[in-house]
Amino acid sequence: MKNWKRLMALGMSATMIASLAGCSTTTSTEGGAEDAAATTESGSGKDASMEGTHVFMFKSTGNSFGDLMYEGFSEYLEAKGEKTAYKSPAETTVAAQVQMLDELITQNVASITISTNGDAGYDEVFKKAQEKGIPIVSVDSEANPEYRICHTNQAETQDIGSYLVQAAVLITLGVDYPGDGKMEETVKKELANYSGDEVKLGVLSASIDTPVQNSWIAAMEAELGKDFYAGKVNPELDKKYGNDDLTESTTQAQAFIAENAVDCIISPTTVGIAAAGQALKSANSEIKLTGLGLPSEMQSFMPKTADENAFDYVCPYMMLWDVIHLGAVSGAATYAAVKDGFDGTAGTSFEMDAFRDYEAETYEAYESGDGTAVLAGTPFIFEKSNMKEWIDVL
Ligand code: RAM
């Protein structure tokens, strides 16, 4: 029996919780396809033409986060009788994605749903897609607003940035997860009584160009600008980049350990946080860790039962959202663009069918940066009381 109440962290709706807890069929292909042409296709097998196929492209292969999004994307679209394919380059670079996109567009795919590796460098290939009438929807990491129908946002950017900083400060001060909706007030109270050395936070990110991580880092910096941090927490983040590669992220985590200049590392990437967890644990470091992680990948670095001392572990608590549902929402946006004339203009909407335990829902596009987005969910906390039940789910 799941502890539903415990899962209500950070305002997650009951429907979403039920759905996430109910989806135990995760088939993460962990590190699965390492080769450059890594592909998973539904439909009639390897030699099938890509024409008419809905392509899902993640930043690179070998990342369970991308695999889980594709799981939701393909499940949603296949239920509608559509053909899907998972295509990601081996390298987490703009150039590698652009080359792959170019080939797919030539093959007349039906749509492209993408998590990008950068803000710039896609114009030419996206223009080619537009000219051929192939819609582009982005998810997780934004595509250029000029060419996308809309972005599928996992959760409010500022919320993610604020919660990550608040968690890192509380963890540094040795304070357990204070409970739903209580993070900011607890940080204020704890810092008001704090007279120790200035807290210094580090960030282990993906690539220096990744739009989504950079937007979260900007949100963290905005959070650190709030009055109650002044003089207590250093407003500058010490940033390092592991390129969403396990080896490079480990090297960067080891650099944090060697320099010993930060109290807590925030890693807003599932690859980075897992690499840092292992590096900090192996080194028996006093530096603590939080960020965005998958419970299955973080189980060795986090407490798993309520009676444990969270601070015996490298990462006392962390957060994420329903990755599978996020992929499904991007699939629904793409489907609406191809079949129902959804053009992503602010104020326009599409209907998403019921998905697993989520009921049918209408998503309305809103202004986001220079383009528009739909909002898929909210972040929630994984901590000692709920970790165990999530390890098999995400
Ligand atoms: C990683 C990716 C992705 C990010 C998640 C949290 O797997 O970098 O972009 O959203 O982590």
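The values are calculated or read from the model by the stated rules, or taken from the named source; none is laboratory data. Given the structure is predicted, the values throughout are model-derived calculations rather than measurements. Using ideal geometry, Cβ is built from the backbone for each residue, glycine included, and neighbour counts are taken over all protein chains shown. We work out accessible area using only protein heavy atoms, side chains counted, and drop any ligands, DNA or RNA first. Shrake-Rupley method; radii C 1.70, N 1.55, O 1.52, S 1.80 Å.
Annotations
- Hits in segment 200-241 - residues which are within 16 Å of the ligand (Cβ to nearest atom) and either in a helix (DSSP H, G or I) or among the acidic types (Asp, Glu) (or both): Asp209, Pro211, Val212, Gln213, Asn214, Ser215, Trp216, Ile217, Ala218, Ala219, Met220
- Filter result for Val271 (open to solvent by 10 Å² or more (accessible area, probe 1.4 Å), more than 16 Å from the ligand (Cβ to nearest atom), among the aliphatic types (A, V, I, L, M) and not in a strand (DSSP E or B)): no
- Residue within segment 293-314 that is within 14 Å of the ligand (Cβ to nearest atom), among the polar types (S, T, N, Q) and either surrounded by 24 or more Cβ atoms within 10 Å (Cβ to Cβ) or modelled with pLDDT under 95 (or both) present: no
- Hits in segment 66-98 - residues which are open to solvent by less than 10 Å² (accessible area, probe 1.4 Å) and within 15 Å of the ligand (Cβ to nearest atom): Gly66, Leu68, Met69, Gly72, Phe73, Ser88, Pro89, Gln97
- Residue count, segment 143-167 (criterion: of a type outside the set (Ser, Thr, Tyr) and in a loop (DSSP other than H, G, I, E, B)): 10
- Flag if Ala110 is at pLDDT 95 or above, open to solvent by 20 Å² or more (accessible area, probe 1.4 Å) and either more than 30 Å from Thr378 (Cα to Cα) or within 16 Å of the ligand (Cβ to nearest atom) (or both): no
- If only residues of segment 177-199 that are assigned to a loop (DSSP other than H, G, I, E, B) and of a type in the set (Asp, Glu) are counted, the one that is surrounded by the fewest Cβ atoms within 10 Å (Cβ to Cβ) is Asp197.
- Subset of segment 242-265 that is within 12 Å of the ligand (Cβ to nearest atom) and open to solvent by less than 40 Å² (accessible area, probe 1.4 Å) - its residue that is modelled with the lowest pLDDT: Asp244
- The single condition among (1) among the β-branched types (Val, Ile, Thr); (2) more than 16 Å from the ligand (Cβ to nearest atom); (3) part of a strand (DSSP E or B) that Ile105 does not satisfy is (3).
- Some residue of segment 151-168 being in contact with a Ser or Thr (Cβ under 6 Å, 6 or more places away or on another chain) and away from the ligand (no atom under 16 Å from the Cβ): no
- Of all the listed residues (Glu51, Glu30, Glu78, Glu71), the sole one being modelled with pLDDT of 50 or more, farther than 30 Å from Pro178 by Cα and either assigned to a loop (DSSP other than H, G, I, E, B) or touching an Asp or Glu at 6+ places or on another chain (Cβ under 7 Å) (or both) is Glu51.
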